[in-house]
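See structure below.
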Amino acid sequence: MHNYFDSYVGLAALLIAGGGIVGGGLAANRMLRPHRPTVEKLTTYECGVDPVGDGWAHSYIRYYVFAYLYVVFAVDAVFLFPWATVFSAPGYGATTLGEMFVFLAFLAVGLLYAAKKGVLSWT
């Protein structure tokens, strides 16, 4: 049992050393950098344009829906590549083919629903 806990001592030493390196770098940065705050530096910066008006702005939910659809189809691609490698393995052909068709059917239903709701049109 004594050797079992020795491995944790090594891990703790590595974590402490890593934390010391990160903390030392941050402390050195804080001590060595110039600190001259001015009014211009402390104002809000928005793409090189001075902020005008209050902080509330309208944003269309449609853009978030497009981003969500992109994520859904990106995840689809992430699942298709491993499936293609397993599909070629002996003994998994019919099972993985059926599972992939079920997965693609769920995605197709979601895409049809989005098209029916008019989410896929830009205007």
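Before moving on, here are some points about what is shown:
- Think of each Lys and Arg Cβ as +1 and each Asp and Glu Cβ as -1; about the Cα centre, that makes the dipole of the chain roughly 180 debye.
- Solvent-accessible area of PHE101 with every protein chain in place, 1.4 Å probe, in Å² to the nearest 10: 130
- With the charge dipole of the chain set up from +1 on Lys and Arg Cβ and -1 on Asp and Glu Cβ about the Cα centre, the Cα lying farthest toward the positive end among the listed residues ALA12, VAL71, PRO37 is that of PRO37.
- Of the peptides 34-43, 10-19, the order by per-residue mean of other Cβ atoms within 10 Å, starting with the highest, comes out as 10-19, 34-43.
- Over the C-alpha atoms of region 10-123, the Rg to Rh ratio, Rh being the Kirkwood estimate, stands at 1.24.
- Computed from the C-beta positions of ALA74 and SER121 and an R0 of 25 Å, the FRET efficiency is 0.75 to the nearest 0.05.
- With every protein chain in place, region 6-95: carbon and sulfur % of accessible area (1.4 Å): 71
- From phi via Karplus (6.51, -1.76, 1.60), per-residue ³J(HN,Hα) for region 69-83 in Hz, x at Gly/Pro: 5, 4, 4, 4, 6, 5, 5, 4, 5, 5, 7, 6, 5, x, 4
- Karplus-derived HN-Hα couplings along region 89-101 (A = 6.51, B = -1.76, C = 1.60, θ = phi - 60°), whole Hz, x at Gly and Pro: 6, x, x, 10, x, 5, 5, 5, 5, x, 4, 5, 5
- Estimated FRET transfer efficiency when R0 is 35 angstrom, pair THR38-LEU15 (beta carbons, to 0.05): 0.30
- In the chain, the DSSP-assigned H stretches of four residues or longer account for a calculated mean residue ellipticity at 222 nm of -24500 deg cm²/dmol, using -39500 (n - 2.57) per stretch and the full residue count as denominator.
- Per residue, the accessible area of region 1-121 comes to 88 Å², computed with a 1.4 Å probe over protein heavy atoms only.
The values are calculated or read from the model by the stated rules, or taken from the named source; none is laboratory data. Note that the structure is predicted; figures quoted are calculated from it, not measured. In this analysis, Cβ positions are derived from the backbone assuming ideal geometry, glycine residues included, and neighbour counts consider all displayed protein chains. Each accessible area value is taken on the protein alone, full model and side chains, heavy atoms only, with ligands, DNA and RNA left out. Shrake-Rupley method; radii C 1.70, N 1.55, O 1.52, S 1.80 Å.
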